[in-house]
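Novice: Have a look at this one before I ask anything.
The values are calculated or read from the model by the stated rules, or taken from the named source; none is laboratory data. What you are looking at is a predicted structure, and each value in this text was computed from that prediction instead of being measured. Counting neighbours? That spans all protein chains shown, and the Cβs are built from the backbone with ideal geometry, glycine included.
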Amino acid sequence: MARPQTAVRLSYHTRLRLMLLPYGLGTVALVIVPAALAFVLAFFRYDGLQPPRWAGSLNFALAVTDELFALSIQNTLALIILPVPLRVAGAFLLARLMLRGGRFLRWSRVAIYLPTATPVVAYAVAWLWILNPLYGPVNWLLRVVGLAAPGWLADPLWARPAIALISLWTLGEGFLIMLAALHDIPAVLEDAARVDGAGGWAFLRYVTLPLLAPVLLLLTLRDAILMLQESFTTVLLATGGGPYYATYTLPMFIFEQGFDLLQFGVASAALWFLYLLTGVIVVLVLLVAWQWRIGLDDEGLLL
Amino acid sequence: MKVSYSSRVGRALARILAAALFLLPLWWLLATSLTRPSGSLLTAGFWPAEPTVENYRRLWVLLPLARYTFNSVRVVLVAVPVTLVVASWAGLALALLPRASRYRWIVFSLAVLMVPAAALWLPRFFLYRLLGWHGSLWALVAPAWMGTSPFFVLVYFRSFRRLAPALFDAARIDGAGVFQLWWRVGLPLVRPTTLGSGLLAVLFYWGDFVSPLLYLNSEAAYTLPVALQLLQQLARADWPLLMAGAVWTAALPVALFLLVQPWLQQER
């Protein structure tokens, strides 16, 4: 292919780097600079109207002494610890059930992923009706079989379990990851184990689980980060943080401080704690990767 | 490998049960949206009493749904192609660059992936106001200019790196530039990735609730998710109407997913 010689001929690698430019520039403008700005803003008093004023560590003091802040941290942790193990275990079991062969393979997989493909807003509104204490279908079912019907999202005691329950249906991404990971375990291994007399449980215990340990751990940590960030929409629509602040999470606190009370500084100070929580999880990820010698450009880490 | 008849039946049954359990919430959503609205209290069940599309008619009367839908479609039509181009460019460059620079970019991408979404709400609010995007659909489309998320870049990188490097070398010897390497060599070979990423990007932009909530200030620019919240505030206890709104919001992504899933399942 003949191409006209331009005055400046860029080298191959330079032109490759040009292809990275939109991504790099966009990320710097939309993530790096904003994130840095939020870090700095934590040291200023700012309400968006008057120019920011230096506040030292005042915002941190204000955030930490806020009763709702401590509560939001507790709730955030509860909404990670409650659903994440169940989501990962569920994704694993479902992936095993729908790994290969047999009937209904394709359509059962589609059914598992469908709630994940549903917009969170529509899904949250649907659950608001499904878990309606008086008329909702779940409590109707519970009454039919003669069980006590809890108040779910309207009951401070049941609201957190209810949010966790809702999140169990959206494990589609984890399900796909587990499916891919299980698929990578060669079928020959299973045959060999069978010849050696290993039953289903022995195979699971001594072959599948040890091979999948890093994937399971990384998926758990990834899910924790996901729940940290993404329970916000569900919570905002389903409970608004209530009842009696039972589902009031850290992102809710940041949202209210920032956009309702215009305390941008306090909101940014609370962000530091969100970073701290995320940072702890990231360190755990790196430890897992290091333990199993997963390189940064290996596929394993790119779950 | 032979699997006994009883275990095959057991597995098929377990699959049906799991699928039914996962479809149940969506079924209830649909069934309730088809229930006849009445003055008396709604009673739950598995089937809609006197099925009707009356709620959808009321929905269209109550809200300027055409405008909201149009806004959502516009956001997706701009944001998804831009996302795919930016992410596939970056992914290809990552796959072809020398190891050292590739490594730096991957560390950068993974770090960016860890930034909590809530951390960007406020500063992006200021940024969009500065750029004059606040209140317009540009604010909703903005993340597309960085490929939406490093996730998409990494996914493309994985796909491109699986291709034989010799393919790209051969094309280069034939005089292909990087643009042709992308359009003629790379992209046609990773169509499933484009399809999957495209679907995920549609789900992301169509379902995005936080951006319109934070960066729009007039109802005229609302997309469907915030319109649904508006409906929730307007008709708090009118469950059939609310469910109709939710079904309308979910219809396109769900339909799209069902449409493309045969191609997504081909590989495995």
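Novice: Looking at (1) among the hydroxyl-bearing types (S, T, Y); (2) in contact with a helix residue (DSSP H, G or I) (Cβ under 6 Å, 6 or more places away or on another chain); (3) more than 8 Å from chain B (Cβ to nearest Cβ), which one does A:S268 not meet, given that it meets all the others?
Specialist: If we test A:S268 against (1) among the hydroxyl-bearing types (S, T, Y); (2) in contact with a helix residue (DSSP H, G or I) (Cβ under 6 Å, 6 or more places away or on another chain); (3) more than 8 Å from chain B (Cβ to nearest Cβ), just (3) comes out false.
Novice: Further question on the same structure: Is it fair to say B:F168 is closer than 23 Å to B:A79 by Cα and part of a helix (DSSP H, G or I)?
Specialist: No, not satisfied.
Novice: With the requirement that a residue be surrounded by 20 or more Cβ atoms within 10 Å (Cβ to Cβ), closer than 30 Å to B:R184 by Cβ and of a type in the set (S, T, Y), what does the range B:62-117 give you?
Specialist: Matches in the range B:62-117: B:T83, B:S88, B:S109.
Novice: Of the residues in the range A:101-129, how many are part of a helix (DSSP H, G or I), under 20 Å from B:W263 (Cβ atoms) and facing chain B (nearest Cβ under 8 Å)?
Specialist: Matching residues across the range A:101-129 total 11.
To keep it simple, each residue is scored yes or no on (1) touching a residue at least 24 places away in the same chain (Cβ under 8 Å); (2) part of a helix (DSSP H, G or I); (3) more than 7 Å from chain A (Cβ to nearest Cβ).
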site	(1), (2), (3)
B:W89	yes, yes, no
B:L94	yes, yes, yes
B:Y103	no, yes, no
B:S109	yes, yes, yes
B:V112	yes, yes, no
B:A119	no, yes, no
B:R124	yes, yes, no
B:Y128	yes, yes, yes
B:H134	yes, no, yes
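Novice: Got at least one residue in the range B:16-28 being more than 13 Å from chain A (Cβ to nearest Cβ) and either aliphatic (A, V, I, L, M) or closer than 30 Å to B:P165 by Cα (or both)?
Specialist: There is no residue in the range B:16-28 that is more than 13 Å from chain A (Cβ to nearest Cβ) and either aliphatic (A, V, I, L, M) or closer than 30 Å to B:P165 by Cα (or both).
Novice: Being within 11 Å of chain B (Cβ to nearest Cβ), among the charged types (D, E, K, R) and either buried (at least 19 other Cβ atoms within 10 Å of the Cβ) or closer than 30 Å to B:Q180 by Cα (or both): is that true of A:R96 here?
Specialist: no
Novice: Restricting to the range B:40-72, and then to whatever is free of Cβ contacts under 8 Å to residues at least 12 places away in the same chain and β-branched (V, I, T), can you tell me which residue is farthest from the other protein chains (Cβ to nearest Cβ)?
Specialist: Of everything passing the filter in the range B:40-72, B:V61 is farthest from the other protein chains (Cβ to nearest Cβ).
Novice: Can you tell me how many residues in the range A:21-73 are small (G, A, S) and within 27 Å of the chain's Cα centre (by Cα)?
Specialist: Qualifying residue count for the region: 10.
Novice: Let me ask something else about it. Of all residues in the range B:225-241, how many are without any contact (Cβ under 8 Å) to a residue 40 or more places away in the chain, farther than 22 Å from B:A49 by Cβ and more than 9 Å from chain A (Cβ to nearest Cβ)?
Specialist: 1
Condition check ((1) farther than 26 Å from A:L221 by Cα; (2) over 19 Å from the mean Cα position of the chain (by Cα); (3) modelled with pLDDT of 90 or more; (4) of a type in the set (F, W, Y)) across all residues:
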residue: A:R160; (1), (2), (3), (4): no, no, yes, no
residue: A:G172; (1), (2), (3), (4): no, no, yes, no
residue: A:I177; (1), (2), (3), (4): no, no, no, no
residue: A:L189; (1), (2), (3), (4): yes, yes, no, no
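Novice: With the checklist (1) under 29 Å from B:G207 (Cβ atoms); (2) among the hydrophobic types (A, V, I, L, M, F, W, C); (3) surrounded by 15 or more Cβ atoms within 10 Å (Cβ to Cβ) in hand, flag the one item A:V280 doesn't pass.
Specialist: With respect to (1) under 29 Å from B:G207 (Cβ atoms); (2) among the hydrophobic types (A, V, I, L, M, F, W, C); (3) surrounded by 15 or more Cβ atoms within 10 Å (Cβ to Cβ), A:V280 is out only on (3).
Novice: I'd like to know if the range A:119-136 contains one or more residues that are of a type outside the set (A, V, I, L, M) and closer than 30 Å to B:S4 by Cβ.
Specialist: Taking every residue of the range A:119-136 in turn, none turns out to be of a type outside the set (A, V, I, L, M) and closer than 30 Å to B:S4 by Cβ.
Novice: Being at pLDDT 90 or above, closer than 29 Å to B:T223 by Cβ and not aromatic (F, W, Y) narrows it down to one residue among B:T69, B:T32; which is it?
Specialist: It is B:T69.
Novice: Moving on. Look at the range A:74-100 and say how many of its residues are part of a loop (DSSP other than H, G, I, E, B) and within 15 Å of the chain's Cα centre (by Cα).
Specialist: 1
Novice: For the range A:24-50, give me each residue that is in contact with a Phe, Trp or Tyr (Cβ under 9 Å, 6 or more places away or on another chain) and either more than 28 Å from B:A111 (Cα to Cα) or not in a helix (DSSP H, G or I) (or both).
Specialist: A:A42, A:F43, A:F44, A:R45, A:Y46, A:D47, A:G48
Novice: What number goes with the only condition from (1) crowded, with 16+ Cβ neighbours inside 10 Å; (2) touching a residue at least 12 places away in the same chain (Cβ under 8 Å); (3) not polar (S, T, N, Q) that A:G48 does not pass?
Specialist: (1) is the only condition that A:G48 fails.
Novice: Taking A:P214, is it in contact with a Phe, Trp or Tyr (Cβ under 7 Å, 6 or more places away or on another chain), at negative phi and not in a helix (DSSP H, G or I)?
Specialist: no
Novice: Please go through the range A:135-158 and give me each residue that is at the interface with chain B (Cβ under 8 Å from one of its Cβ atoms) and part of a loop (DSSP other than H, G, I, E, B), ordered by number.
Specialist: Passing the criteria: A:Y135, A:G136.
Novice: Determine which single condition A:I185 fails, assuming it passes every other condition in (1) more than 22 Å from A:R100 (Cβ to Cβ); (2) touching a residue at least 24 places away in the same chain (Cβ under 8 Å); (3) not in a helix (DSSP H, G or I).
Specialist: Only one criterion in (1) more than 22 Å from A:R100 (Cβ to Cβ); (2) touching a residue at least 24 places away in the same chain (Cβ under 8 Å); (3) not in a helix (DSSP H, G or I) is unmet by A:I185, namely (1).
Novice: All but one of (1) modelled with pLDDT of 90 or more; (2) more than 7 Å from every other protein chain (Cβ to nearest Cβ); (3) within 29 Å of B:Y103 (Cα to Cα) hold for B:V153, so report the exception by its number.
Specialist: (2)
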